Amino acid sequence: MNAPRQRILQPVAGIPAPEIGLFLAQMDDQSRRLTEDTRGATVDELAWQPRAGMNTIGMLLAHNAIVEVFWISHAAVIPCDCPGVLGIGVDDDGMPIPEDGLPPGTLAGKDIAWFDDLRARARAFTYDWARRWTAKDLDRTITRQRADGEWTMNVRWILYHVLEHEAGHYGQVNLIRHQHRAAAAMAAGPRMATLAPHGAAG
Amino acid sequence: MSQTLTTRLETPAGYRSSEVARFIWQLDEQRRRLIEDTRGLTIAELEWQPAPGMNTIGMLLAHIAFAETHLGQVGLAGEAAGHAHEVIGISEEDEGLPLMAGAPPPPALMGKDLAFFDDALESARAHTHRVAKPLADEDLLTEIVRPPRPDGTRRVFNKGWVLYHMLEHEAGHHAQINLLRHLRRSTMGGA
């Protein structure tokens, strides 16, 4: 009989606020699955664009890392230093991509190990701050100035947003991998298209 | 005109557990955005398939409703078997996931309009609210052991994981729906 598949959600140990530890456990589960589902993605696949003006898998992976550092910096009330934390700038994911735009040159030729490292750096940054925060920080509010006014959010919402943001783009990565397989099978001929492996999502 | 936007993750009233209530807030926030992002979808858009063997937006909406209800039944309520179709009127076969390689969308969803999917989603969420309200903090740690699957795989999860999975599952498919809308606009030239 196969070993049981355990899916037990509990707060990450060593984090002062259990609720923050619970958010981290969820983020780490997303990252684990995203890592699993991107194994074998080649440089060409990471840079593959379904159509001009659409995101590549590489752009989405970079975007997840940048957005995590951006929002955690915001929760920590410090300037966002993407170059310092990630080694790339806040706009280097190329998003939002212009209509009919191509992927950014900053990501050209990058392999999956490079994107793995980017995501690991972002998560380490989040852990660094999560270890400093207490339960009181979850209710702390922060105000951002926008062109059209002010946006006030609490730290609890920021942690939720980092989680759901990663989950959303992870779903899109799976869909693009499926599209890429379908496109490759179509290019190989009708018989191969029928035999294209079915993805977990998309 | 200057405006103030406030986005606080809060603890809705009416739940025995504050932790559960905050999961519900997150689920309801996802749903609010999903509903916003799907306004105006026509039947043709709901049925559009990028390539044979790939999901349509209608399939994903039906799948979100089905999966949520099934998880609520076997995961949160601890029922031995799911019966989601009794709550949302859609069976697992109807929603069509996972779709076979090269397959068209399932016939059960043909011709269904957005109101049909809205109704299924609303019924699913009402069910989730109902089964989540009596849960206590300690229930989040309660483990559920599911019967083995045909391939012998056994699944063990706790109720906290079920609530998290409902959230990330909807978030992932919501983002796929947005991508499919973009792809269709790009493919059809905005038609």
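If you check A:Asn55 against the conditions, is it modelled with pLDDT under 95, facing chain B (nearest Cβ under 10 Å) and out of contact with any Phe, Trp or Tyr (no Cβ under 8 Å at 6 or more places or on another chain)?
Values: modelled with pLDDT under 95: no; facing chain B (nearest Cβ under 10 Å): yes; out of contact with any Phe, Trp or Tyr (no Cβ under 8 Å at 6 or more places or on another chain): yes.
Against the criterion (modelled with pLDDT under 95, facing chain B (nearest Cβ under 10 Å) and out of contact with any Phe, Trp or Tyr (no Cβ under 8 Å at 6 or more places or on another chain)), A:Asn55 does not qualify.
Show the residue pairs meeting these rules: Cβ distance below 8 Å; 6+ apart or different chains; first residue within segment A:129-152 and more than 10 Å from every other protein chain (Cβ to nearest Cβ) and outside any helix (DSSP H, G or I); second residue surrounded by fewer than 12 Cβ atoms within 10 Å (Cβ to Cβ) and of a type outside the set (Phe, Trp, Tyr).
That search, which allows pairs on different chains as well, returns A:Arg131/A:Gly14; A:Ile142/A:Val77.
From (1) in a loop (DSSP other than H, G, I, E, B); (2) within 11 Å of chain B (Cβ to nearest Cβ), pick out the condition that doesn't hold for A:Pro103.
So A:Pro103 meets the others, but not (2).
What is the residue count in segment B:1-50 for residues that are part of a loop (DSSP other than H, G, I, E, B), of a type in the set (A, V, I, L, M) and either surrounded by 19 or more Cβ atoms within 10 Å (Cβ to Cβ) or under 18 Å from the mean Cα position of the chain (by Cα) (or both)?
The total comes to 2.
Residue-wise test of (1) aromatic (Phe, Trp, Tyr); (2) within 11 Å of chain A (Cβ to nearest Cβ); (3) in a helix (DSSP H, G or I).
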position	(1), (2), (3)
B:Gly111	no, no, no
B:Ala120	no, no, yes
B:Ser123	no, no, yes
B:Pro148	no, yes, no
B:Ile177	no, yes, yes
B:His182	no, yes, yes
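Per-residue answers, yes or no, for (1) without any contact (Cβ under 8 Å) to a residue 24 or more places away in the chain; (2) farther than 23 Å from A:Gly171 by Cβ:
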site: B:Leu97; (1), (2): no, no
site: B:Gly102; (1), (2): no, no
site: B:Pro106; (1), (2): no, no
site: B:Gly111; (1), (2): no, yes
site: B:Ala136; (1), (2): no, yes
site: B:Leu141; (1), (2): yes, yes
site: B:Ile144; (1), (2): no, yes
site: B:Pro148; (1), (2): yes, yes
site: B:Arg155; (1), (2): yes, no
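Please determine whether any residue of segment A:16-36 is within 26 Å of A:Arg132 (Cβ to Cβ), more than 18 Å from the chain's Cα centre (by Cα) and away from chain B (no Cβ under 13 Å).
Among the residues of segment A:16-36, at least one is within 26 Å of A:Arg132 (Cβ to Cβ), more than 18 Å from the chain's Cα centre (by Cα) and away from chain B (no Cβ under 13 Å), which makes the answer yes.
Can you name the number of the only condition in (1) under 23 Å from A:His161 (Cβ atoms); (2) surrounded by fewer than 20 Cβ atoms within 10 Å (Cβ to Cβ); (3) touching a residue at least 12 places away in the same chain (Cβ under 8 Å) that A:Arg32 fails?
Evaluating A:Arg32 over (1) under 23 Å from A:His161 (Cβ atoms); (2) surrounded by fewer than 20 Cβ atoms within 10 Å (Cβ to Cβ); (3) touching a residue at least 12 places away in the same chain (Cβ under 8 Å) leaves (3) as the failure.
I need every pair where a residue in segment B:65-92 that is within 17 Å of B:Arg146 (Cβ to Cβ) and free of Cβ contacts under 8 Å to residues at least 12 places away in the same chain has its Cβ under 6 Å from the Cβ of a residue that is of a type in the set (S, T, N, Q) and not in a loop (DSSP other than H, G, I, E, B), sequence separation at least 6 or different chains.
B:Glu79/B:Gln73
The values are calculated or read from the model by the stated rules, or taken from the named source; none is laboratory data. Because the structure is predicted, anything quoted here is derived from the model rather than measured. A quick note on method: Cβ atoms are made from the backbone with ideal geometry, for glycine too, and the neighbour counts reach across all protein chains shown.
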